[in-house]
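To start, the structure itself, in structure tokens.
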Amino acid sequence: MNAWVKESGMNRFTLSFDRNKEKDFRDYYFKNSINTTRLGLLVVLILYASFVFLDFFIKGGYSRLLFEIRFFIVTPIFATSFILTYHKAFKTYWQELLFSIYIIAGIGIIIMIGIMPTKSFYSNGLMLVFLSGSVLIKLRFFISSLAGIITILLYNIISLFVFYLSTNIIIANDFFYISAIIIGMLASYHAEIYDRRNFDLLRQINKNKKEIEDVNISLEKTVEKRTIELYERNEELNNEISQRILIEEELVKAKEKAEQSDKLKSAFLANMSHEIRTPMNAIIGFSNLLNEAEDEHELNKFIKIIVNNGEYLLVLINDIIDLSKIEAGVLVVNKTAVNLNSLMTEIYNLFIINNNIVDKKLSLKFVKGLDDEKSIVITDYTRLKQIIINLVSNASKYTEKGEIEFGYTIKENKLNFYVKDTGIGISEEQQKYIFDRFMQVTTNNTPDIGSKGLGLAITKTYLKMMGGTISVNSKLNVGSEFSFDLPIKTLEHKDGK
Ligand code: ADP
């Protein structure tokens with residue numbers, strides 16, 4: 001207890017804390033005491049009223065006076081105090097009010113003792129006042145002690161100077177009164193200390209509780225934050241994993257593609273060796289036979305075979321060179337002003353004497369999409385010419401009868417070239433891969449000899465470089481139409497005319 005008194009900063013004599021704490025304690029004390037105080041006042045009121053029978057013992061002339069003091073002064077004071085406990089101002093003045101009642105009740109009894117000094121039982125009344133002050137009506141230690149001391153002083157003064165009582169009796173009574181007060185003081189001192197200690201402990205508990213709650217809240221926040229962080233990290237990891245899976249899939253695809261491409265290249269090489277050997281054999285074989293030709297007709301036939309195979313070989317070697325250039329990425333687009341109509345005418349003149357066309361008596365025509373003077377565009381002359389030659393050459397190869405038409409139009413603000421024939425056509429299945437590099441050589445389902453499967457792949461790559469796309473529309477045994485577009489860049493546009 002001593003240690004607590006020191007720690008709590010309580011004054012040992014007045015039993016008060018420092019300012020703010022004291023104020024809180026008074027609130028707490030009032031809240032805890034109000035019911036006991038009310039009960040105390042009620043008990044005192046009832047006991048005091050019921051002691052009326054004492055007044056009748058007296059019988060003499062004072063009986064009426066005592067009765068009147070009891071019921072017209074003291075009892076109404078107790079009753080009013082009891083009612084006042086329900087008023088909101090009571091909380092502020094309750095100690096002062098009870099202090100005053102204590103003194104008034106004390107004076108009342110002192111008067112009774114003074115009037116009838118021989119009736120010793122009135123002294124007991126004063127003892128009851130001391131007892132109620134210390135325990136019953138919840139006066140604080142300091143106030144009840146003060147009230148007790150004042151009451152004893154009043155008893156001495158009134159008894160001595162108003163009622164002239166004998167000093168012996170006064171001193172004898174003082175002895176009991178002072179003892180009662182000392183015992184009362186001890187009781188109320190301890191009672192109050194325990195009240196204060198309870199209050200202090202409760203405060204500590206609340207403070208600790210608040211601290212724990214704060215810690216809990218901050219813990220919850222930390223946990224929440226960590227959970228969010230974990231969730232985010234999880235998301236990141238998931239994303240990373242999905243990305244890795246994607247990369248892995250891509251790697252597998254790339255590996256498969258590389259392996260396939262490797263296989264295709266090997267197949268291509270094997271095939272190309274074969275393709276080269278065939279015309280070479282023909283050239284060497286028929287060159288050796290030249291001396292042995294029986295007549296001029298046979299000689300010419302041999303020469304024609306040698307020239308045809310030589311030409312075929314040249315085309316093949318050109319294709320292989322182009323392809324390796326594409327593979328090496330060294331092909332560049334070289335743009336110049338190109339007169340499309342002149343180009344069309346050039347190609348026409350080239351093919352009108354082409355063996356396939358002449359031998360198979362195919363009709364060949366071309367369509368100009370622009371007037372001669374407006375047909376100048378900026379493009380790569382060599383590539384464009386090669387593309388159209390490839391397509392017309394295919395058409396002449398794969399057409400047995402009928403006609404071949406090529407030309408260009410302006411469609412949706414683009415140059416649209418086409419080459420159509422009435423040839424053998426291409427099955428839908430085959431249309432899917434005719435533009436793929438090396439594919440032809442592996443499938444090799446073209447009936448004609450001299451089919452290398454390079455031309456369309458090269459054509460498609462050229463067009464890609466020039467910003468164009470190619471497509472085919474074909475029906476077996478009816479004919480095919482290859483068309484491709486190129487962005488328009490005419491001289492007129494360039495000049496802003
Ligand atoms: P090549 O003609 O040397 O075989 P291409 O890449 O030019 O190579 O053509 C690929 C294939 O597409 C040919 O083998 C042929 O089967 C088919 N093809 C191309 N053009 C035509 C056409 N005009 N008519 C029918 N089939 C064609």
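Amide H to amide H distances under 5 Å link residue 404 with 363, 364, 365, where only residues 5 or more positions off or on other chains count and H is placed in the peptide plane. Remark: C-alpha extents of region 242-335 on the principal axes read 77, 35, 14 Å, sorted largest to smallest. At the listed q of 0.15, 0.18 Å⁻¹, the Debye profile of region 148-209, built from one uniform point per Cα, gives log10 I(q)/I(0) equal to -0.59, -0.70. For the peptides 256-264, 100-108, 228-236, the ranking by mean Cβ contacts within 10 Å, running from highest to lowest, is 100-108, 256-264, 228-236. A Förster radius of 22 Å combined with the Cβ-Cβ distance from residue 77 to residue 32 puts the calculated FRET efficiency at roughly 0.30. For the chain, the longest principal axis of the alpha carbon atoms and the long axis of helix 19-50 meet at an angle near 40°.
Here the Karplus relation 6.51 cos²θ - 1.76 cosθ + 1.60, evaluated at θ = phi - 60°, turns the backbone of region 351-356 into coupling constants of 8, 5, 9, 5, 3, 4 Hz, with x for every Gly and Pro. For the pair residue 183 and residue 290, the difference between a 0.36 nm per residue extended length and the Cα-Cα distance amounts to 22.9 nm. Counting only residues at least eight positions apart within a chain, or on another chain, the aspartates and glutamates with an alpha carbon under 17 Å from that of residue 489 are 371, 372, 373, 380, 412.
Model label points for residue 216 and residue 241, set 7 angstrom from Cα along the Cα-to-Cβ axis, are 3.6 nm apart.
In the chain, helices alone account for a calculated mean residue ellipticity at 222 nm of -23000 deg cm²/dmol, with every DSSP H run of four or more residues adding -39,500 (n - 2.57). Each part reduced to its alpha carbon centroid, region 359-415 and region 240-314 end up 27 Å apart.
Rounded to the nearest 20, the Cβ-based charge dipole of the chain about its Cα centre (Lys and Arg +1, Asp and Glu -1) stands at 3740 debye. Summarising the amide proton neighbourhood of residue 489: residues at separation of 5 or more, or on other chains, whose placed amide H is nearer than 5 Å comprise 378.
Could you derive backbone 3J(HN,Hα) for region 373-383 from the dihedral phi with the Karplus parameters 6.51, -1.76 and 1.60 (θ = phi - 60°), listing whole Hz in sequence and x where the residue is Gly or Pro? Each residue of region 373-383 in turn: 6, 9, 8, 9, 10, 9, 7, 8, 4, 4, 5 Hz.
Sum up the charges of everything whose Cβ sits under 12 Å from the Cβ of residue 331, counting Lys and Arg as +1 and Asp and Glu as -1, but leave residue 331 out.
After counting each charged neighbour, the total is 0.
Here, each number is a calculation from the coordinates, and none is a lab measurement. In this text the structure is predicted, and so the values were computed from the model without any measurement. Reconstructed Cβ throughout: ideal geometry from the backbone, glycine too, with neighbour counts over all protein chains shown.
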